[in-house]
Amino acid sequence: MPEGDHSAFGELNMKLDTEVLIIGGGILGTSVARELSRYRVDTTLVEREVDFGWGSTKASATVVCQGGDCLEFRKEYRNSRFVWDSIPLMEPLCRELDVPFKRIGSLSLIRNNNELVKYQKMKNLADKYLPDLEPHQWIDRDTLRRIEPHLTRDVIGALYDPKPAVTDPVRLSIALAENARENGTNIMLGTEVVSISRGTDSFEVQTTEGLIRTRFIVNAAGVYVDKIAAMVDADEFVVYPVKAWIGVLDKKVGDIIRHVVTARPSRPGELIFVNPTVHGNIFFGIPLQLNKRGDYSSTRRMSQAGFATIRSLVPDVSEKDIINSFAGYIMYRNYELGWHECVVAASRKIPRFINFCIGFPGVSAAPAASKEVIRLLSSEGLQTVEKESFKASGRAIPDFSEASDEEKKKLIQKDSRYGHVVCRCETVTEGEIVEAIKRGATTMDGVKYRTRAGMGRCQGGFCSPRVARILARELNVPEEQVTKKGKTSRLLLYKSKELLEGAVNEPA
Amino acid sequence: MNLHEIDVAVIGSGPAGMAAAVRAKETGAKNVVILERAEELGGLLHQCVHNGFGLFYFHEDLTGPEYAHRFIEKTMDAGVRPMLETMALNISPDREITAVSNKNQFLKFRPESIVLAMGCRERSRGALNIPGTRPAGVFTAGTAQRFINVEGFLPGRQVVILGSGDIGMIMARRLTLEGARVEAVVEVLPYVGGLIRNEVQCLHDFDIPLFLKHTVTNIYGERRVEGVRVAEVDSRMNPIGGTERDIACDTLLLSVGLIPENELSLTAGVELDPVTGGPFVDGARQTTVPGIFAGGNVVHVHDLVDNVTWESEIAGESAARFAMGERIPAWAGIKLKAGRNIRYVVPHTISGNEDVTLYMRVREPEQNVRINVGDIAGKSELIVKPSSMLKIELTSEQLKKLGKNVTEVVIDCQKWGGK
Ligand SMILES: Cc1cc2nc3c(=O)[nH]c(=O)nc-3n(C[C@H](O)[C@H](O)[C@H](O)COP(=O)(O)OP(=O)(O)OC[C@H]3O[C@@H](n4cnc5c(N)ncnc54)[C@H](O)[C@@H]3O)c2cc1C
């Protein structure tokens, strides 16, 4: 069954003992798993979905090394500390794990004198708080026009921050998890925590796949962080789910913007973003709306607001160039403070239970914040003895489309499946897809996030029949069992003619 | 055949590619190849198991695979060399092709001329920005067609189809024949997007409900589609409050338009017409890059394969002439301009010395009109619709009437009696 990795249990409903249980395989859970795998600690990570990073992480705008905006990132918020401390850690981490990372810098647009005054203050604060990092620079109107010719003319200039970069947060989560696994972490996908009971020196965690006994828990369940905490009365915090929307532009117009471009929000906490991605698309947004969690539908109102945002920054964008959009949740710690505050703390009531949630920008904050979680675990009594055998580096799946001609030649010579292009929009080969499946992709989306097959302008119209066939072949399952994203999300419900023969099984 | 001795390379082996290659060979080009990324020649024709192909070209009513077969035989008989499972990744402005294949591996070569025949792709959900969740069970009509007719799987049993393009209507019939229930075909415009013959034979004959001036305003279901919300739209295509209704279904098919597939053309520096989405071409089907020609759906979306074939034969012939040393002046001549109620005209320019067929589409449906080509020719039509391509044949005799110094001719769609 393509339903994730059940190997740890062998059979269902077995009992498993572990020292630290990490709940959640988003960027925060996988970062802690990887950090913890440096030590001689028996660690298990459970993730409800059949793959990593499918919660808020996959909805991210992919911008990292933020924090230069010291009007939003202020000293009094702990969140800022993690974001600032992560700035120098992010690039080495991505390089170590062979995850795309591109430093592109950000431009905060100055639209009037009022904003100019604010930005002067921001620059002063940044110089004070981040003295060791490359400073901001003023960009005049003409220079701005030269470096970003498609931007609105309605600006005085911009404040340039050289630090911000883009990465691929889902790939980073996968790489962190793969590296943790290689260093001994037990990883269980498709495993949802349903209840937790507390013994004297351990927790009994009931999951959909069996019982897990653990001494420590790191609760990195993202959008459900408070629900998990409530299972053991460790919910001494409130979170507000705020739905956030992002639009995606075709690669064809991928050079319309070259930096992360932001504008001063009209309300504090509002997020106004346009940025290229490491894969050459443009992301834009981010309309926000307090919402009941679990509803990932994008609404007409949000897409209209998103489009209005990008139009105000980049007037020549056409609605025709939008190839996709998606929504995710940013968990506010405190509704008044918005995303600025986070939950990174040992429960005050329940020993050995760490709550770990960063609504925004959790990807940017992950490297330093996960180190903080290790400190919290050890102050709760976890022994952290370093392993000598820790292997820090990881290797990405070869990226055929980005390879040079020479590298392409070599890949095809080694394995002729690299000469078979399956996804034409993103130029993804069968070789890459097979490698992704070998490394743990079990679904269409799993293949998509690892290789980009189906992410291009035709959104899988061409390649989905081919990817489904390869998945079925490699996983050795009937093609009707292939799912989009695990569980009941089967792609094909019947065989042709099956309905005519009368022998119809209801879809599971 | 040595890769470095190729005269004409055709990219794509659908009806356009095969017609171009065969005609290139017939015109006298020695070494003609077709690059095709699939395992066999024929392109999308293989999944079009319905009939209606070749009525004009062969004067027979063939299915897609039969039409493909005829041309595969012609291609082989003509001595065209197919390069299968070979994908062109890049074409440089001086016509160097970079391609990969799992047989021939990594290739770089420079043919004397190139014909672009990559066809088109379907518009996807993202491009429409349909609100709602992102479950499994949303397919473009063509992808569903492939699943059913080629791969042997039925996506679901209760289906709503958004858009009344030809593939959507043909799939409505196919799904019904397969035992699925098509709950509705939903079209945002006040008229059907595809051919009238498909509306009659695929929808009316099977009692499939058609909702004109309606759209899908929401998709339900976390993992698999569970239903859609449909609403009527006003004249500006905005949903009208109070008209919404929910329809339960496990599958949503999209048949909302085709887009010429020109990413490869762009790598060569070929200029595209924002209206057609395809290259600007002259009467010889030469693009703005000398030696690169184009034909079929890569130039503009056709509704009949016969026209694709004819148009691509022109491209194939010109490519052969170019390969044999004839210099076809790059994109010169008389400009054709889309006038009243004309969305576009292909080709974009003509030489004025040769017989030529003009293909065009109107913007809005109209009745009792006359299509005027400047004041040298015209054609009356009872009904014109954006979904039906119009064709006007001009002889060199007629073109002579234009006079020597004319640089532009306007094509208008005029109401009867009007100028
Ligand atoms: C639109 C948008 C744009 C953003 N842009 C940026 C940006 O540019 N830069 C940036 O740094 N940040 C950005 N963020 C914020 C960032 O995405 C989040 O801070 C970060 O992803 C949070 O990571 P996480 O691991 O806590 O959450 P998640 O990724 O949601 O991970 C939590 C995981 O827990 C699992 N889980 C939940 N319940 C259970 C259970 N009971 N049992 C087992 N597993 C469970 C979930 O399935 C999920 O995979 C953005 C967020 C949004 C919504």
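The values are calculated or read from the model by the stated rules, or taken from the named source; none is laboratory data. Because the structure is a prediction, the values reported are computed rather than measured. Every residue, glycine as well, gets a Cβ built from its backbone with ideal geometry; the counts of neighbours run over all protein chains shown. With ligands, DNA and RNA removed, areas are computed over all heavy atoms of the protein, side chains included. Shrake-Rupley method; radii C 1.70, N 1.55, O 1.52, S 1.80 Å.
On the basis of being in a strand (DSSP E or B), near the ligand (Cβ under 9 Å from one of its atoms) and farther than 30 Å from residue A:113 by Cβ, does residue A:166 make the cut?
When the stated conditions are applied, residue A:166 passes them.
Do any strands (runs of 3 or more DSSP E) lying entirely in the stretch B:26-114 carry at least 1 residues that are within 14 Å of chain A (Cβ to nearest Cβ) and farther than 16 Å from residue B:10 by Cβ, and which ones are they?
Answer list for the stretch B:26-114: B:86-91, B:97-101, B:105-109.
Please work out which residue is nearest to residue A:110 (Cα to Cα), limiting yourself to the stretch A:249-284 and to residues that are within 14 Å of chain B (Cβ to nearest Cβ) and more than 20 Å from the chain's Cα centre (by Cα).
Result: A:255.
Do we find a residue being within 12 Å of residue A:246 (Cα to Cα), more than 10 Å from chain B (Cβ to nearest Cβ) and not charged (D, E, K, R) anywhere in the stretch A:292-306?
yes
Anything in the stretch A:306-322 that is in a helix (DSSP H, G or I) and modelled with pLDDT under 90? List them, or say none.
A:319, A:320, A:321, listed by residue number.
Restricting to strands (runs of 3 or more DSSP E) lying wholly in the stretch B:139-217: which have 2 or more residues that are open to solvent by less than 10 Å² (accessible area, probe 1.4 Å)?
B:158-162, B:181-187
Considering A:86, A:31, A:37, A:7, which residue is modelled with pLDDT under 95, of a type in the set (Ser, Thr, Tyr) and either assigned by TED's automatic domain parsing to the domain that holds residue A:373 or under 27 Å from residue A:230 (Cα atoms) (or both)?
A:7
Mind telling me which of the residues A:323, A:286, A:256, A:350 ends up being farther than 24 Å from residue A:150 by Cα and buried (at least 17 other Cβ atoms within 10 Å of the Cβ)?
Answer to the check: A:350.
For the condition surrounded by fewer than 24 Cβ atoms within 10 Å (Cβ to Cβ), closer than 17 Å to residue A:35 by Cα and either among the polar types (S, T, N, Q) or near the ligand (Cβ under 9 Å from one of its atoms) (or both), what is the one hit in A:219, A:186?
A:186
Output the number of the condition that residue A:87 fails; it satisfies all remaining conditions of (1) within 10 Å of the ligand (Cβ to nearest atom); (2) out of contact with any Phe, Trp or Tyr (no Cβ under 6 Å at 6 or more places or on another chain); (3) outside any loop (DSSP other than H, G, I, E, B).
Against the list (1) within 10 Å of the ligand (Cβ to nearest atom); (2) out of contact with any Phe, Trp or Tyr (no Cβ under 6 Å at 6 or more places or on another chain); (3) outside any loop (DSSP other than H, G, I, E, B), residue A:87 comes up short only on (1).
Considering only residues that are free of Cβ contacts under 8 Å to residues at least 40 places away in the same chain and touching a Gly at 6+ places or on another chain (Cβ under 8 Å), look in the stretch B:181-197 and name the one that is farthest from residue B:50 (Cα to Cα).
Filtering the stretch B:181-197 for residues that are free of Cβ contacts under 8 Å to residues at least 40 places away in the same chain and touching a Gly at 6+ places or on another chain (Cβ under 8 Å), the one farthest from residue B:50 (Cα to Cα) comes out as B:187.
Looking only at residues in the stretch A:476-486 that are of a type outside the set (Gly, Ala, Ser) and either within 26 Å of the chain's Cα centre (by Cα) or surrounded by 24 or more Cβ atoms within 10 Å (Cβ to Cβ) (or both), which one is nearest to the other protein chains (Cβ to nearest Cβ)?
Result: A:484.
Tell me, please, whether a residue that is open to solvent by less than 50 Å² (accessible area, probe 1.4 Å), at pLDDT 95 or above, more than 10 Å from the ligand (Cβ to nearest atom) and not hydrophobic (A, V, I, L, M, F, W, C) can be found in the stretch A:226-239.
The answer is yes, given that some residue of the stretch A:226-239 is open to solvent by less than 50 Å² (accessible area, probe 1.4 Å), at pLDDT 95 or above, more than 10 Å from the ligand (Cβ to nearest atom) and not hydrophobic (A, V, I, L, M, F, W, C).
Within the stretch B:237-343, which strands (runs of 3 or more DSSP E) (wholly inside it) include 2 or more residues that are surrounded by fewer than 19 Cβ atoms within 10 Å (Cβ to Cβ)?
The qualifying strands (runs of 3 or more DSSP E) are B:245-248, B:334-338.
Would you mention how many residues in the stretch A:77-108 are open to solvent by 30 Å² or more (accessible area, probe 1.4 Å) and touching a strand residue (DSSP E or B) at 6+ places or on another chain (Cβ under 8 Å)?
Qualifying residue count for the region: 6.
Can you name every residue in the stretch A:28-59 that is assigned to a helix (DSSP H, G or I) and either more than 8 Å from the ligand (Cβ to nearest atom) or not aliphatic (A, V, I, L, M) (or both)?
Of everything in the stretch A:28-59, those that are assigned to a helix (DSSP H, G or I) and either more than 8 Å from the ligand (Cβ to nearest atom) or not aliphatic (A, V, I, L, M) (or both) turn out to be A:29, A:30, A:31, A:32, A:33, A:34, A:35, A:36, A:56, A:57, A:58.
Quick one: how many residues across the stretch A:63-84 are within 13 Å of the ligand (Cβ to nearest atom) and farther than 14 Å from residue A:361 by Cβ?
0
Name the residue that is modelled with the highest pLDDT, counting only residues in the stretch A:446-464 that are facing another protein chain (nearest Cβ under 7 Å) and under 23 Å from residue B:226 (Cβ atoms).
Once the filter is applied, the top-ranked residue is A:464.
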